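Okay, structure first, notes after.
Taken together, the values in this text are just the output of simple stated rules run on the coordinates, not laboratory data. Because the structure is predicted, anything quoted here is derived from the model rather than measured.
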Amino acid sequence: MSIHLDIVTIERVVVSQEVDYISAPGIDGVVGILPKHQPMLTALAIGELRYKKGNQETAFAIGGGFMEVRPDHVTVLADAAESADEIDEARAEAARKRAQELMAQKVASSSEAVQAVILEQTMRRAELRLKVARKRHRGTNE
Ligand code: ATP
């Protein structure tokens with residue numbers, strides 16, 4: 001028994017295939033999905049989405065979005081999605097460093113507080129990309 005997984009962004013179809021199990025970064029925590037899951041619609045946080053097919057597990061860095069679950073089909077509309085192989089680690093390191101440097105500057109006004117939230121999210125995306133990219137080196141991806 002399997003479930004079809006589509007991960008799409010505004011730019012491309014990232015994944016379209018039958019899988020055995022999906023673990024997704026729901027806004028209220030990790031959501032595990034097996035075939036015949038009850039229908040639901042949830043917002044996704046910046047986090048790791050993994051799927052299993054046989055004994056292979058594949059990880060993606062997801063930059064937030066939405067997920068629609070039906071018993072035989074899961075559709076993820078992601079703001080950004082990259083597999084470990086697609087992640088440019090140097091770019092993520094640079095994004096993290098930029099965000100770190102800007103976060104170190106004092107936050108005084110409310111517009112700077114908004115900037116701080118944006119930087120925090122940039123930092124989380126960069127750290128997630130580095131975490132997922134490093135799985136490639138451990139050989140846990142397809
Ligand atoms: P940067 O500051 O490096 O652009 P970002 O977090 O602002 O990072 P996003 O807005 O999340 O980037 O993504 C913009 C586009 O760039 C998306 O298509 C995303 O998949 C891609 N992208 C961002 N960072 C990386 C990366 N390190 N490796 C591969 N693709 C990336």
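Helix 89-104 axis versus longest C-alpha principal axis of the chain: approximately 40°, rounded to the nearest ten. Structural size metrics of region 88-138, computed from C-alpha coordinates, are Rg and Dmax of 12.7, 44 Å.
Computed from the alpha carbon atoms alone, the convex hull of region 3-84 holds 73 Å³ per residue. Counting only DSSP H runs of at least 4 residues, each contributing -39500 (n - 2.57), and dividing by the residue count of the chain, the helix-based mean residue ellipticity at 222 nm comes to -11000 deg cm²/dmol.
Relative to the longest principal axis of the Cα atoms of the chain, helix 110-138 runs at roughly 50 degrees.
Near Ile46, the amide H atoms lying under 5 Å from its own belong to Gly64; only residues 5 or more places off or on other chains count, and H is placed 1.01 Å from N. Legend: residue pairs Lys52/Lys131; Lys36/Lys131; Lys53/Lys131; Lys36/Lys135, Cα-Cα distance threshold 25 Å; pairs beyond threshold, Lys36/Lys131; Lys36/Lys135. Computed 3J(HN,Hα) for region 40-56, one whole-Hz value per residue from the Karplus formula 6.51 cos²θ - 1.76 cosθ + 1.60 where θ = phi - 60°, is 6, 10, 9, 7, 10, 8, 5, x, 9, 10, 10, 10, 10, 9, x, 9, 9, glycine and proline marked x. In the chain, the alpha-carbon atoms span a convex hull of 110 Å³ per residue.
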